[in-house]
Every structure is written in structure tokens, then in C-alpha cells.
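A short reminder: the numbers here are calculations on the coordinates, not readings from a lab. None of these values were measured; they are calculated from a predicted model. All Cβ positions, even for glycine, are placed from backbone atoms using ideal geometry, and neighbour counts span all protein chains on display.
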Amino acid sequence: MIKIFHFYGGVHPQEAKISRGVSIVDAPLYPLYTVPLAMHIGAPARSLVKVGDTVLRGQQIGEPASFVSSAIHSPTSGKVKALDVCLSPQGTQLPCVVIESDGEDTPAEPLPPIPDWRDADPDILRKRVAEAGIVGMGGASFPTPVKLSIPPGKSIDTLIINGVECEPCLTADHRLMLESPKMILEGVELVARILGVKNVFIGIENNKPDAIQVLDKEAAAYTDPVIHVLPLHVRYPQGAEKQLIYAITKRQVPSGGLPADVHCVVQNIGSIYAIAEAVIHGKPLYERVTTVTGTPLVSTGNWRFRVGTSYAEAIKLAGGLKEGASIAKLISGGPMMGMTVYSQSIPVMKNTSGILLMAPEEVHQYTSKACLRCGRCNDVCPMQLMPGILSVQIENERFDDAQNWHVMDCIECGCCAYTCPAGRPLVQHMRRAKSEVGAKLRAAKAAK
Amino acid sequence: MSTLVIIVVVGVFTGIAIAIVSKFFGVESNPLEDQVKELLPGANCGGCGYAGCSGYAKALAEGKAAPGACAAQKPEDLKKTAALLGASVEQKVPKVAVVFCSGDDTNATRQAQYNGINNCRDAMFVAAGAKTCTYGCLGLGACARVCPFGAIEITDKHLAVVHKELCRGCGKCVQACPKKLIRLVPRSAEIHVHCSNPMKGAVKLRGCKAACIGCGKCVRTAPDNMRINNGTALAEVNYGNPPAEELAQVCPTHALRK
């Protein structure tokens, strides 16, 4: 093993990965699936079904509505009960297809598998990734086919696989690496071939020594491309794209730029696994591994949920609440970047990496006090911004100033709010400013 | 004694200096501009597209702008302005802002406790404010803060209410509301449908007792004055021909009210 890699700033919260030893289990079939048509960044998919239609497992029910969009597939066989709206973790209404399961779970004709993918044309593979509706499964859910098509004028020389899973509590990627290393490495080779890249790194934090060992052993067999498994210093937010690129290659993505500007592409472990399944078995993306965890739960674990399963079912699957326990907070995702939600009717989506429950004694409520100018947020901000100064500007609605202080580079990792002794809701301020400045920039672009 | 002499001498010299400076460097102010400015509301809201009321007054006096661009100007003041400038102006329908929501704490329910920043626009980033009705007023006062006339009150039950007598219809609150609940409507209308949720009636009632359930009672009673917004369970006042105040009594949920 070589030297250990790291990046600027960050924090090290309590890891609390209590479900790390629990194997992935397939979730049972549920009578009802609420499948949102917008499980990705970009335009919501166009529905291909009507109320009363019969659908099969893996059948396409939504087609991409624009370049940045994604296909949606049915999680099971059954009847379309309604075309409705459902709640998203952000609290907005998403268009969705409600599918009533018939209990048969009849699979549709799979996409034709491509067994000779090593010799296949990259365009065919890229098309397959689009057909299978694959999106970034780390959380941002950016459509993968867009990421895999290299923008004109840019060149890619490095592929980075994100097996960091720096969020506390979550163990879905960890389990996937441990249980399916062969599939993941085939997926890695596949993506490397699509991009024509010779340099591949898999970054894993060294609190997962078993995963590093397993993947390192398997990766030794690969010579074209050579796959390096790199242990990383445990530091949140190492799994953020720009931080991971810096930790591994020491290249800095310019402000407002993309990884392609520094010749890198980053893919999440979950997406790699889904790509491998789509190409080798012809299976579209309709299920994912999600960690259900939290101290109020009877048991915690990692389940392979089909998209559209409600959080309530997931919590029930984990044995429900302990006797006398109550939930103070329900979080979609991890504790640092996840969204606090208030309804258990929200469905599991392609980017739901975890469902976290917190007991009342674990949730602290802070009243926001004035900034102390202590500068701790400057020390931990991985983007090297000055969150304290920004928050004061934003509080006074000085969004132009915030823009000049590069608020648009904020990745909303939450390190600043985590470390703030005055209990200031810094991430909420940043989100507000990013939305206001973003609206202004879009208006300026439209006016042009 | 010498102190007094110095003060007097300095005073005389300064006076002379000021007189000379004002004679040679003075900026001539346009008396018309001052008169026009007096007739503007002085809120500097920027709704006219100029840098505050003085900017608009200057443009008016120089003939670069036409009277009537100020939404907040009183009709009689507009008439006076037009007379001063010798321009004709068509009388606009005076407007007033209305918050189309009845969901205060007694009517609407919340699904979670929100402890974040005390501003609706910020609350939108935390599960959109956690109200059961995702269309409802959050009552955190983004509109009240931008109102230049202090016409919006956040009641102690967390609902924004526009005071008609203070509102000048400038429309700043319309842009400030993240839920898009505020609209400018003709001042002559007495009653409005205070609901903005386009979903089915039964769904709405789960989150708010005062929602418009789209029963159509008002439309049947006064078909000329009311209509159902097409495709939704939401009645709407026909603002071309607003109904009388008494119609509010037929509404079973009291969404149609003053």
C-alpha cells in the first residue's frame, strides 16, 4: 500500500456505522409502489403509461424528456393505479406513477445483454447506460450518460471510483463492495473502456479495511486498465467529487468548472454496479441498496429496495421502532447532507443512499446566535470559502456580495454548520443564496 | 473675549465663502421635478424601473417617462401629475394585494416543527416549510419585510394578511412570496377565494379546514361572478364582475371571505 491521501479542511464526525456488518438482503414485494418520474437532476421523465395499463418488472414507464434527463422503469409487474404527485425529500411535489403489484413479479423482456462488451463500440455501451436509466447514485443523481459523454474540447485521462462513503451512519456502498467485488471491477473496466481511460483509481476510506483488501485482491488481475485501490484518510466530505479528485490527483477543479476541466470523471460505486448489471445482464435500474439505520430502530441493515417503496415500509422492514422509542428526526440520506423529511410516505428513489432515524435525545436544537468571528468554519470549509462572512451577508440579503465571495462554489457539505459554536444555520443560508444567485444568473443568461 | 471675536470672524468668512460657492457652483434644481416628486409615494420601491422616486420624478420632468408607471401612486395624485406635465393619462384600475390562503394555525396543520431561519424563503430549503398543505402560507413574513408601506401583518396565528387601506398595490410582495400566494387584484372586489391549492378537495381538507373544496356552491349561486378554475378544485372570483359581499355566506369552509 502506498501513501494515504487527503484534502483541505473537513471534519471527522462520529462514524456510527452500526449496520456495517449486516449483509445486503432483498426487500420483499410490496403491494404498492410510488415511482417518481423525477428521480434525477434535469427535466422529469415523460410518462409512457396510462392509468389501467399493465406493466412488467423492468418495463420502461418513463422516457427522458431532454438531454439531461433519465429513463424510468417499473419496479414490479402489475397495474398502473394512478398518475399522481408524491412528496419529495425537498418538500416539493413530484409527478409519479403509482403501480399496484399483482404479486407475480413477472419480468419484462430484458434489454439484450452485451456479453462481448470488451470489444463493443463505446457508443453502444453509452446508449445502454441511457436505456437503463442510470443516474449518479451517490446522492446528486446526475444522469450518468451525460457524465460519460466527454464534452467537446475536453479530454479525460483519469477515472476515479468513489467508494469513500464518508457520510456517517451509511454502509450501503461498503456492503456492495464487500459482497460484489467482481461485478464492481467489471463495471469499472467497462466505464474505463467507454471513456478510453488507462488510469483508474478506486478511493476508499481506511475505516473500511475489509473492502480495501477485497477489492485490492481482485484488482490485481486487471492489467488493461490498471486499477489502483487507494486507501484514504478518514475525513468528511472526502466523497465529494472535487475533494476526491484533489485527494487522489492533487488537481483542483476551477471555480464553476467541471471534473472534465481537470481531465477526470468520478463515478459512485452504486452507479458502477448498476452499469455493470445493465450491460452484462441487461437489467435496468429499478432497485438499489439503501441503509436503514438509527438508534430508535429494533434492527438496522442494508436492503435492496425497489424504487417507489415508501419509507414507512422500509422502517417496518427494519423491525419498526423499539418499545418506548420515538423519532425526533427522519432523514433521507446521511446525517450530514441528508434532507430532513416529515412524511414516511416519501418513496425510495434512485439516489436514496440511506434512511436515518434519530431519537429525541440525539437531536440538539440550537438557537442561532451572532457570528463570533472565530473562524472555525474557514478552517473546515473544504472549498476554502468563508462561511461566517457569507452568512452575515446573506442574512442581510446582500446576495451580490455573496456571489463575489464565491457562494456558488459551496457544496453544502455542512462542515461549517457542524463546527459552528454559535449554532448558526450556515448551510440553510448558503442554500438560500445559491438559489437567489442562481435565479439571477439564469435570468441574465435568458436575457442574453 | 478673544474667543468670541474668533468665532464671529470665522463665521463671517465661512458665510461669505458659502455664498460665493453656491453662486458659482450651485446646481439648478428643476422646480417641476420637485413638484412631481411630492406627488409620488416616496417609498422608493423601484417598481417603476427607475432608481427610487426621485429617479422617476427626474425622468418625468425631463419628459423621458410617462406618468402612470408608479403602481403605488394614488389616483388623485396621478391626475395632478398629469396636469402638471400636461400629459393625458388613462385612469388605471386601482389594485390591491391579497394573500390567497386561509391556513393559519387554527385552520391548517403542520407536519413537523420548523426551527430554522425565520424567513419563508429560507424555510423553503427545509422540506418546504413542513406544512401539511404544501401550497400554504408559512407565516414567516418574507412579504411583510419587503412591503414599503407596512401593509402586511403576520397574525399571531402565523398567516400573512394585507391591510387593504394601507396597500398601494406596488406588487413587491408578489415577488417575495416563495409559495406564490399573493396576487394583485382590482380594489373593487370585496371577497376572494382564500385558497391556492389546486389538488382534490378531500386531499386539501386533510391539511386545512378552510380550503376551497371546489364544491361549486358559490358558482351556482352567482354564476356571473364566480367560476371554477378549469381542471382544478378551486373556485375563482371573476374579477371583471366581482360578487357582492353577501356571497361569502354560502361558502361552507369560509375560504370565500373578505
Open item on the list: Between B:S188 and B:D105, what's the calculated FRET efficiency when r is the beta-carbon distance and R0 is 30 Å? Round to 0.05.
Closed with: 0.45
Task: Relative packing of A:241-250, A:101-110, which averages over residues the other C-beta atoms within 10 Å, highest first - done: A:241-250, A:101-110
Task: Helix-only mean residue ellipticity at 222 nm for chain A, each DSSP H run of n ≥ 4 adding -39500 (n - 2.57), per residue, nearest 500 - done: -8000 deg cm²/dmol
Task: For chain A, cysteines whose Cβ has no other cysteine Cβ within reach (under 4.7 Å) - done: A:C166, A:C169, A:C264, A:C371, A:C374, A:C381, A:C410, A:C413, A:C415, A:C420
Open item on the list: What distance in nm lies between label points placed 7 Å from Cα along the C-beta direction at B:T232 and B:K209?
Closed with: 2.4 nm
- [ ] State the antiparallel share, in %, of DSSP beta bridges confined to the protein assembly as shown, rounding to the nearest 5.
- [x] 70 percent
- [ ] Starting from the range A:31-74, pick out the trypsin sites (Lys or Arg not before Pro) whose DSSP state is loop and whose Cβ has at most 11 other Cβ atoms within 10 Å.
- [x] A:K50
Task: Whether the range A:122-281 is rounded, prolate or oblate, judged on the alpha carbon gyration tensor where a/c under 1.5 counts as rounded - done: rounded
TODO: State the extension gain, in nm to one decimal, for the chain segment bounded by B:N44 and B:I6, taking 0.36 nm per residue of separation less the distance between their alpha-carbons.
DONE: 9.2 nm
Task: Set of aspartates and glutamates with alpha-carbon distance to A:K81 below 12 Å, sequence-local pairs under 8 removed - done: A:D53, A:E100, A:D102
Task: Segments A:280-292, A:258-270 sorted - mean Cβ within 10 Å per residue, highest first - done: A:280-292, A:258-270
Task: Charge dipole (debye, nearest 20) of the protein assembly as shown; +1 at Cβ of Lys and Arg, -1 at Cβ of Asp and Glu - done: 1360 debye
Task: Total charge dipole magnitude, chain B, about the Cα centre, Cβ charges on Lys, Arg, Asp, Glu only, Debye to nearest 20 - done: 960 debye
- [ ] Post the alpha-carbon centroid distance, the range B:91-156 to the range A:270-325, in whole angstrom.
- [x] 36 Å
Task: Equivalent ellipsoid, the protein assembly as shown (semi-axes from 5 times Cα gyration tensor eigenvalues, Å) - done: 53, 35, 25
TODO: Report, as an integer, the average count of C-beta atoms from other chains found within 10 Å of each Cβ along B:114-124.
DONE: 5
Task: Average partner coverage of A:418-431, which counts Cβ from other chains inside 10 Å - done: 2
TODO: Using per-residue counts of other Cβ atoms within 10 Å, averaged over each peptide, order B:208-214, A:315-321 from highest down.
DONE: B:208-214, A:315-321
Open item on the list: Past 19 Å, Cα to Cα: identify those pairs from A:K17/A:K250; B:K179/B:K204; B:K37/B:K80, in the order given.
Closed with: A:K17/A:K250
- [ ] Per DSSP H run of n ≥ 4, the term is -39500 (n - 2.57); total these for chain B, divide by its residue number, and report the mean residue ellipticity at 222 nm rounded to 500 deg cm²/dmol.
- [x] -8500 deg cm²/dmol
TODO: Would you tell me the mean number of C-beta atoms belonging to other protein chains that fall within 10 Å of each C-beta in A:389-397, as a whole number?
DONE: 1
